[in-house]
């Protein structure tokens, strides 16, 4: 992973990049399926935490009153029944 100077970017973007490279493709695929079942994700179930997946995570999180970070975290996983 390339180091990114934190003073030059939004901390949420750095966290997003870090998390998306450490979450397994299987877990991302499960999140995509769960979000699709709830009407938040329309993209392919490909196990990639790309822009469509992060956008769906943000929309779902906002609908639940969570911080809309676009990051797969324990709160998201628990809410989706994946923990």
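Six or more apart or on different chains, Cβ atoms under 8 Å: show the pairs whose first residue is in segment 47-65 and on the phi > 0 side of the Ramachandran plot and in contact (Cβ under 8 Å) with a residue 12 or more places away in the chain and whose second is surrounded by fewer than 17 Cβ atoms within 10 Å (Cβ to Cβ) and not in a helix (DSSP H, G or I).
47/24
Being surrounded by fewer than 19 Cβ atoms within 10 Å (Cβ to Cβ), modelled with pLDDT of 95 or more and more than 9 Å from the chain's Cα centre (by Cα) narrows it down to one residue among 83, 35, 77; which is it?
77
So which residues in segment 50-68 are touching a helix residue (DSSP H, G or I) at 6+ places or on another chain (Cβ under 8 Å) and assigned to a helix (DSSP H, G or I)?
Matches in segment 50-68: 53, 54, 56, 57, 60, 61, 64.
I'm told residue 20 meets every condition in (1) loosely packed, with under 14 Cβ neighbours inside 10 Å; (2) modelled with pLDDT under 95; (3) touching a helix residue (DSSP H, G or I) at 6+ places or on another chain (Cβ under 8 Å) except one. Can you identify the failing condition by its number?
Of the numbered conditions (1) loosely packed, with under 14 Cβ neighbours inside 10 Å; (2) modelled with pLDDT under 95; (3) touching a helix residue (DSSP H, G or I) at 6+ places or on another chain (Cβ under 8 Å), the odd one out for residue 20 is (1).
Would you confirm, using the coordinates I've provided, whether residue 47 is surrounded by 15 or more Cβ atoms within 10 Å (Cβ to Cβ), at pLDDT 95 or above, within 12 Å of the chain's Cα centre (by Cα) and in a loop (DSSP other than H, G, I, E, B)? Step through it out loud before you land on a result.
Working: surrounded by 15 or more Cβ atoms within 10 Å (Cβ to Cβ): yes; at pLDDT 95 or above: yes; within 12 Å of the chain's Cα centre (by Cα): yes; in a loop (DSSP other than H, G, I, E, B): yes.
Against the criterion (surrounded by 15 or more Cβ atoms within 10 Å (Cβ to Cβ), at pLDDT 95 or above, within 12 Å of the chain's Cα centre (by Cα) and in a loop (DSSP other than H, G, I, E, B)), residue 47 qualifies.
Identify all residues within segment 33-44 that are assigned to a helix (DSSP H, G or I) and touching a helix residue (DSSP H, G or I) at 6+ places or on another chain (Cβ under 6 Å); write none if there are none.
First, pick out the residues of segment 33-44 that are assigned to a helix (DSSP H, G or I): 33-37.
The answer is 35, and nothing else.
The values are calculated or read from the model by the stated rules, or taken from the named source; none is laboratory data. Keep in mind that this is a model prediction, so the values were computed, not measured. Cβ: placed from backbone, ideal geometry, glycine included. Neighbour counts: every protein chain shown.
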